[in-house]
1. Quick check on the exposure proxy: order A:285, B:164 from fewest to most C-beta atoms within 10 angstrom.
2. Would you please classify the overall shape of the stretch B:106-214 from the alpha carbon gyration tensor, given that a ≥ b ≥ c denote the square roots of the eigenvalues, rounded means a/c under 1.5, and beyond that prolate means a/b larger than b/c while oblate covers the rest?
3. Taking the Cβ of each residue in B:96, B:40, B:269 as the centre, tally the other Cβ atoms inside 10 Å and list the residues starting with the fewest.
4. Using r as the Cβ-Cβ distance of residue A:1 and residue A:329, and R0 as 30 Å, what FRET efficiency do you calculate, to the nearest 0.05?
5. For the stretch B:5-231, what is the relative contact order in percent, using Cα pairs closer than 8 Å and at least 6 residues apart in sequence?
6. Rank the residues B:218, B:272 as a footprinting-exposure proxy: fewest other Cβ atoms within 10 Å of their Cβ go first.
7. Indicate, rounded to the nearest 5 percent, the antiparallel portion of the DSSP beta bridges found entirely in chain B.
8. Expected output is a single nm value to one decimal: the length gained when fully extending between residue A:370 and residue A:23, i.e. 0.36 nm times separation in residues minus the C-alpha distance. What is it?
Ligand SMILES: Nc1ncnc2c1ncn2[C@@H]1O[C@H](COP(=O)(O)OP(=O)(O)O)[C@@H](O)[C@H]1O
Ligand SMILES: [Mg+2]
């Protein structure tokens with residue numbers, strides 16, 4: 001037992017004193033979730049859901065043209081319209097309640113409706129709105145073509161609100177694209193440090209399967225600002241985007257940690273330190289448990305640290321201390337522990353089946369991105385019915401869902417815990433068994 | 001009284017599965033007896049099976065056949081007891097590069113069951129022994145090759161093992177550090193009474209430090225004994241080397257050396273092509289004729305005359321007293337160097 005802990009401690013120490021690893025494990029996911037999360041938070045403002053003014057008469061003109069990137073069509077103007085005008089009359093979100101918007105096809109018609117006092121404010125989305133927002137080789141620097149806002153001088157408050165909505169939505173599109181950029185830069189940095197990962201990443205982006213997925217994050221259906229949870233007491237609790245983005249990013253990056261942790265077994269074999277351990281009077285199972293346990297604890301630490309930082313950021317945004325993960329901290333910890341176990345199990349199996357550490361990096365990168373994709377790290381999977389069921393195969397899904405539930409003040413996460421611990425226990429044992437067999441050659 | 005035998009290796013064999021499914025017989029039924037307190041060397045060229053043999057003795061590889069006992073404990077049936085007696089110094093620098101020397105020693109000490117004040121006292125002693133007190137808290141990755149080698153050895157000594165194996169501990173270090181390693185090996189024997197199992201492909205160092213030597217080639221022990229015994233096996237032959245440059249040497253001439261000159265037991269011709277690293281053009285061809293002969297100096301005039309008659313221009317001549325290189329050549333018909 002003492003030896004297991006010594007191995008665990010050694011692995012924790014080496015991991016948390018490695019500046020590059022900390023960057024990938026903590027800083028990158030923190031930056032990503034903060035950028036995206038706070039963009040959405042700006043909308044909600046102070047966490048309050050009191051809407052003092054409702055149904056601002058608004059005219060919307062959309063002149064925007066769609067843009068094709070990597071065979072996928074983008075139309076942020078349309079997305080904007082969808083956010084303001086319900087396609088389904090039963091939809092009622094805070095944003096839809098805020099305005100009473102109707103679509104005009106011509107800019108001057110909208111203007112005259114404002115002049116006549118029929119509408120208080122009109123907005124005109126320019127024809128090159130999407131083009132100006134889209135990050136591509138032709139358009140490496142993003143300069144937004146501004147959305148014009150006309151207002152009736154008699155309605156200054158409404159004009160101010162609409163202006164801030166316009167700014168916020170534009171910002172989301174912008175940060176969304178900035179996030180794509182930042183993520184890709186982070187991945188490129190990793191790829192440079194780790195050529196095998198680079199090859200894999202290169203394949204993914206060349207096939208065009210990588211970048212477009214981010215776009216879905218901006219679809220109105222997936223925008224978490226539309227989600228409101230009713231608690232039992234009937235007080236409305238606003239869904240905190242930091243929770244959604246924070247937990248899905250944390251779990252995505254945790255997958256890398258888990259796979260890397262299991263991979264360290266193969267690396268230690270390559271570097272002969274594993275042989276040193278085996279040549280010592282230490283039972284094989286102790287060594288294996290020490291290594292896997294170390295990975296597990298590393299994953300738990302990573303997520304706990306991330307959650308603490310995200311809580312601080314959430315509190316800063318709200319202007320007051322805020323327990324963004326809900327008040328049931330023990331349950332949050334239980335979900336973290338269970339999710340980490342599941343990820344470590346996946347890591348153990350991936351590493352146990354691979355021949356070389358380089359192979360683990362390639363396969364592990366694919367596995368982590370696949371789990372992230374289907375588990376909701378890049379877009380809101382439930383919005384796409386074709387793949388929504390698949391997401392249930394990922395620990396990412398069960399983890400983020402449990403965190404969202406707890407953050408909303410509810411407690412029914414039993415199934416999530418069982419599924420996560422089950423995935424974890426089974427894969428952990430399978431990985432252990434394969435490793436044990438491989439070591440006795 | 002303790003048995004005089006420290007290590008007993010019986011019919012040890014290892015067969016690997018090759019990439020294309022065929023079997024690679026890396027070790028083919030090795031027998032060894034290593035006595036308590038001696039420096040025992042396994043000498044053989046790269047790929048001879050030294051590391052594989054040592055890996056089986058230390059429990060890293062399961063033998064395909066056979067067994068090894070350390071201090072009477074079978075490595076396959078009582079691995080933990082056997083391993084407790086054994087210190088290992090792998091061929092690779094088996095250390096954690098981002099940990100300091102002291103942290104490495106600390107960690108591996110724990111794996112050998114050392115704790116508390118005993119552990120820190122042992123680490124202190126080792127740090128002094130390998131002469132790294134000043135740098136003990138620096139990361140391994142900042143060390144020079146020689147310093148890493150010293151820590152690599154130090155880790156193997158932590159738990160005061162009765163037996164220590166060192167797999168090619170002088171590979172890749174400068175002559176000064178090599179000297180230091182060889183001195184260390186002798187201090188282990190003399191000051192600490194350890195048994196040392198040493199492997200190398202360099203005959204000079206083996207010749208210098210070993211009490212007994214086993215020569216291994218293609219997975220088999222082809223000769224074993226003290227330096228004197230091994231040299232006796234080849235009948236005290238001298239080794240003569242003729243450098244012949246780019247000239248080729250016909251087999252007939254080699255045969256003639258053997259038949260016509262008294263005392264000559266073997267004559268082989270080898271070419272060493274020396275290429276320029278980058279352009280891979282042939283820079284120099286070094287042809288060498290190696291002749292084993294009893295009383296080599298006496299045979300020399302006759303040999304040179306025959307060469308002259310065959311219009312072979314001998315560029316330089318070297319006569320060497322019997323050594324391990326000669327033993328290997330005698331037994332295998334090949335030079336020990338790659
Ligand atoms: N894991 C392995 N799989 C297949 N072949 C191996 C393996 N390890 C060693 N060998 C082969 O066994 C032979 C002996 O290798 P080794 O014991 O490392 O030699 P040495 O240490 O004397 O240089 C070599 O031909 C090597 O290629
Ligand atoms: Mg070797």
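1. In order of increasing Cβ crowding within 10 Å: A:285, B:164.
2. Since a/c reaches 1.5 but b/c is at least a/b, the shape of the stretch B:106-214 is classed as oblate.
3. Working: B:96 20, B:40 23, B:269 17.
Least to most surrounded, the residues fall as B:269, B:96, B:40.
4. Details: r = 28 Å, r/R0 = 0.94.
Using R0 = 30 Å, I get an efficiency of 0.60.
5. 28 percent
6. Working: B:218 15, B:272 12.
In increasing order of surrounding Cβ atoms, one gets B:272, B:218.
7. Here the share of antiparallel DSSP bridges comes out near 70 percent.
8. So the extension gain works out to 122.7 nm.
Bear in mind that the values in this text are calculations on the coordinates, not laboratory data. Fair warning: this is a prediction, and the values are worked out from it, not measured in the lab. Here Cβ is always computed from backbone atoms with ideal geometry, including for glycine, and neighbour counts include all displayed protein chains.
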